[in-house]
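Asker: Dropping the structure in here first, questions after.
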Amino acid sequence: MLYQFADVFAFLILSAAGLAIVFGMMGVINMAHGEFIMCGAYVTVGLVHAGFPLPLAQLCGTLAAGVIGVIVEMAIVRKFYTRPLDSLLATWGLSLVVTQGMLILVGSSVAGIGTPPGSFAVGDYTFSVYRLVLFAGALAALGFVYLIFMRTKFGVHARATMQNAKMARALGVPVGRVYALSFGIGAGLAGLCGALYAPTMTLIPTMGATFIVESFVTVVVGGSNVLLGTAPAGILLAAVRTSLNAWHGQIIGQIGMLIAVILIIRILPEGISGFLTRKQR
Amino acid sequence: MKLRTRLSIIAGALSVTAALTAPTFAADPIKIGLLEDISGDLAVLGKPKLNGSLLAVEEINKAGGIMGRQIELIHLDPQGDNARYQEFARRLTSKDKVDVLIGGITSASREAIRPIMNRTTIPYIYTNQYEGGVCDAGMISNGAVPEQQFSTMIPYMMEKFGKKVYVIAADYNFGQISAEWNRMIVKEQGGTVVGEEFIPLGVSQFAQTIQNIQKAKPDWILTINVGAAQDSFFEQAAAAKLNLPMGSSIKIMLGFEHKRFAPPALNRMQAVANWFEEIDTPEAEEFKKRWHAKFPNETYINDMGYNAYNAIYQYKMLVEGAKSTKLADLRKVIATGKACINAPEGEICIDPKSQHTSHRMRLIAVDEKHAVKVVKDYGVIQPYWLAKIGCDLTKKNDKKQYTPSDLPK
């Protein structure tokens, strides 16, 4: 049960971490989030096929998604900060172009690389060790986001920029670069999600779509303060989904999780972080 | 503006009269409408279907066409969207005026366009293996059905591995009805279904499912999960050392999972199929050579692509037998019981009562290196189930899909 919880939690957090920054902090409704995940996965698998060891390939996949994120921010997203609804359209279009482009360029499916071996047994059950790596990856991603945005100068600049860009610029913060870097970190975290899940999944151009619902609901439930909200949102939704999955299978698990999301947003319109902040005051 | 409208009405009226009065010249092409996904979640499967159709059309046209008429193939990509299937089926039948419509991957897409085809007199050929039971005079099915796949494989699996089976199935009509077939056959054979799990399309995480399977302790698993996302099950089950025998009506020959996943994810998978690329009869080798010459980048010639190729030859045989492209005339040829072609698997014939196709079925198994070997050859199996439960299209057109729990009254 704990293992199942960790597994669902890892999936929610890893798919949501990048979006938490891009959507939660920066307010860009990034419909191409899934494609950054796909990018991380494809780069990883391509490099493993080329002979790279898996961890190095995963690092490259993460970085590649991050770099592409910076480029996308400077070329497209930058023009839409004042028009959030248009950013939805622009990134959705980007997502369609990338998916179809990949389908034409690399074909409908790429050969998988296989999950690193290793399993352990508890009673009658056997589990894959790699799933624990995913859980560790999720915790590391949360820790990384916290450190970057709460403990570095860049983090202060970033938070200042997101709250009031004009004021931040007046105080000498290089607003443009902060936006580009933040978006890049978000994209890189999405790439990390793809890189980590690449060995366990079918690789197709539309694979990002399997993550996108989970990532958006986690961020929305988490609320506007992503540093505070994402982790509790992940815990809460994972608990709901795991217990329902165990009780009556995947369909009930998925339905139950989405109903929980509707209820939470209805009761706590500002998400979990909004609720926590209010309590603190 | 007004003048233009009037002109276009006149032009339209003229062209209609022209179409009505023009005699069919021998040079007029025969139009085949084709609906196959080459983008979306099922593109992996749809691309070989398009390629198989292209290959057959090219070969037939080079050899002089059908009764001296060339084939014009009109392919549209519904992108896995059932609403688009309906829109495109309407377009092909009413605007392009195709002589025959071929295609559809999922049973959901087939059931979406079948009512549209029923309002026309245009024949429809469905080229997938499926859950069986469609009793419809407007439709010809050339894929394998449960009496060819499940009635062979499930008893084999129960004898070889044990009587307890766990089912993971995609949650739509194909998965639900296939699971129903499994329940019926397992019961007949004195076994038990220790667990059934229906999975929404698009789900890719299976840790809980794997644990549920371990808890139920089955002897083998029936895997009728569908789509690229759900195929992730194999990788995750292998990583968790589930290592149970698996049986399926769609894996290997259809989704070539053994080529897409790194070994040993598909170890101990068995399937019963009329076609898989590893068949090595001389006719099959000849066919594979022609295919790979035209499409050198094809990863695997799957049974859907193979069926799509046969469908066009079956259509040619029917039209030449009937000397007509009309559905009623084609059905007269089917009614003789001699509507057969020599396919790469051997001779296949269309059964008059159900309009489904006989197939030579083989049981294949995958080892830990993902090599495929033939375990058992069942010979030619007729699609007998529909006739057995009372569907007889030579007498009555039911236009309905039956299942083991929904039989004709």
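The values are calculated or read from the model by the stated rules, or taken from the named source; none is laboratory data. Note that the structure is predicted; figures quoted are calculated from it, not measured. Cβ placement follows ideal geometry from the backbone for every residue including glycine, while neighbour counts extend to all protein chains displayed.
Listed here are the residues, each with its yes/no results for (1) assigned to a strand (DSSP E or B); (2) away from chain A (no Cβ under 14 Å); (3) buried (at least 24 other Cβ atoms within 10 Å of the Cβ).
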| position | (1), (2), (3) |
| --- | --- |
| B:Q214 | no, no, no |
| B:P218 | no, no, no |
| B:G247 | yes, yes, yes |
| B:K259 | no, no, no |
| B:A262 | no, no, no |
| B:W275 | no, yes, yes |
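Asker: Restricting the first residue to region A:247-265 and requiring it to be without any contact (Cβ under 8 Å) to a residue 24 or more places away in the chain and facing chain B (nearest Cβ under 10 Å), which pairs with a second residue that is not in a helix (DSSP H, G or I) and not hydrophobic (A, V, I, L, M, F, W, C) meet a Cβ separation below 7 Å and a spacing of at least six or different chains?
Answerer: A:G249/B:E197; A:Q250/B:E197; A:Q250/B:P200; A:I251/B:D171; A:I251/B:P200; A:Q254/B:P200
Asker: Look through region B:166-212, keep the residues that are free of Cβ contacts under 8 Å to residues at least 12 places away in the same chain and at the interface with chain A (Cβ under 7 Å from one of its Cβ atoms), and return whichever of them is farthest from B:L244 (Cα to Cα).
Answerer: B:Q208
Asker: Just the residues that are more than 10 Å from every other protein chain (Cβ to nearest Cβ) and over 16 Å from A:L196 (Cα atoms), please, taken from region A:126-143.
Answerer: A:G143
Asker: Of the conditions (1) at pLDDT 95 or above; (2) of a type in the set (D, E, K, R); (3) under 22 Å from A:T115 (Cβ atoms), B:R290 clears all except one; give me its number.
Answerer: Every condition holds for B:R290 apart from (3).
Asker: Looking at region A:152-180, I want the residues that are in contact (Cβ under 8 Å) with a residue 24 or more places away in the chain and have a partner that is among the basic types (K, R) and not in a loop (DSSP other than H, G, I, E, B) with Cβ atoms under 7 Å, at least 6 apart or on another chain. Which pairs are those?
Answerer: Taking only residues 6 or more apart or on different chains, the pairs are A:Y179/A:R78.
Asker: Still on this model: Tell me, please, whether a residue that is free of Cβ contacts under 8 Å to residues at least 40 places away in the same chain, more than 14 Å from chain B (Cβ to nearest Cβ) and in a loop (DSSP other than H, G, I, E, B) can be found in region A:266-278.
Answerer: yes
Asker: Which residue out of A:G93, A:G61, A:G123 is exposed (fewer than 14 other Cβ atoms within 10 Å of the Cβ) and either within 12 Å of another protein chain (Cβ to nearest Cβ) or in contact (Cβ under 8 Å) with a residue 60 or more places away in the chain (or both)?
Answerer: Being exposed (fewer than 14 other Cβ atoms within 10 Å of the Cβ) and either within 12 Å of another protein chain (Cβ to nearest Cβ) or in contact (Cβ under 8 Å) with a residue 60 or more places away in the chain (or both) holds for just one of A:G93, A:G61, A:G123, which is A:G123.
Asker: When only residues in region A:100-109 that are surrounded by 13 or more Cβ atoms within 10 Å (Cβ to Cβ) and more than 8 Å from every other protein chain (Cβ to nearest Cβ) count, which is nearest to A:A50 (Cα to Cα)?
Answerer: A:V106
Asker: If you check B:K338, B:K388, B:K332, which single one turns out to be farther than 20 Å from B:I30 by Cα and assigned to a helix (DSSP H, G or I)?
Answerer: Sole residue among the options that is farther than 20 Å from B:I30 by Cα and assigned to a helix (DSSP H, G or I): B:K388.
Asker: So, in region B:235-248, of the ones that are in contact with a strand residue (DSSP E or B) (Cβ under 8 Å, 6 or more places away or on another chain) and modelled with pLDDT under 95, which residue ends up farthest from A:A121 (Cα to Cα)?
Answerer: Step one: filter region B:235-248 for residues in contact with a strand residue (DSSP E or B) (Cβ under 8 Å, 6 or more places away or on another chain), giving B:236, B:239-242, B:244-248.
Imposing the further condition that a residue be modelled with pLDDT under 95 reduces the set to B:236, B:239-242.
On the way: B:Q236: 15, B:A239: 12, B:A240: 9, B:K241: 9, B:L242: 11 Å.
That would be B:Q236.
Asker: Exactly one condition in (1) modelled with pLDDT of 95 or more; (2) over 18 Å from B:I334 (Cβ atoms) is not met by B:V100; state its number.
Answerer: Among (1) modelled with pLDDT of 95 or more; (2) over 18 Å from B:I334 (Cβ atoms), the lone unmet condition for B:V100 is (2).
Rundown of residues vs (1) within 14 Å of another protein chain (Cβ to nearest Cβ); (2) touching a strand residue (DSSP E or B) at 6+ places or on another chain (Cβ under 8 Å); (3) surrounded by 24 or more Cβ atoms within 10 Å (Cβ to Cβ), yes/no style:
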{"site": "B:A265", "(1), (2), (3)": "yes, no, yes"}
{"site": "B:I279", "(1), (2), (3)": "no, yes, no"}
{"site": "B:P282", "(1), (2), (3)": "no, no, no"}
{"site": "B:R290", "(1), (2), (3)": "no, no, no"}
{"site": "B:T299", "(1), (2), (3)": "yes, no, no"}
{"site": "B:M304", "(1), (2), (3)": "yes, no, yes"}
{"site": "B:K316", "(1), (2), (3)": "no, yes, no"}
{"site": "B:A322", "(1), (2), (3)": "no, no, no"}
{"site": "B:K326", "(1), (2), (3)": "no, no, no"}
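Asker: For region B:278-314, name all the residues that are in contact with a Phe, Trp or Tyr (Cβ under 7 Å, 6 or more places away or on another chain) and assigned to a helix (DSSP H, G or I).
Answerer: B:D303, B:Y306
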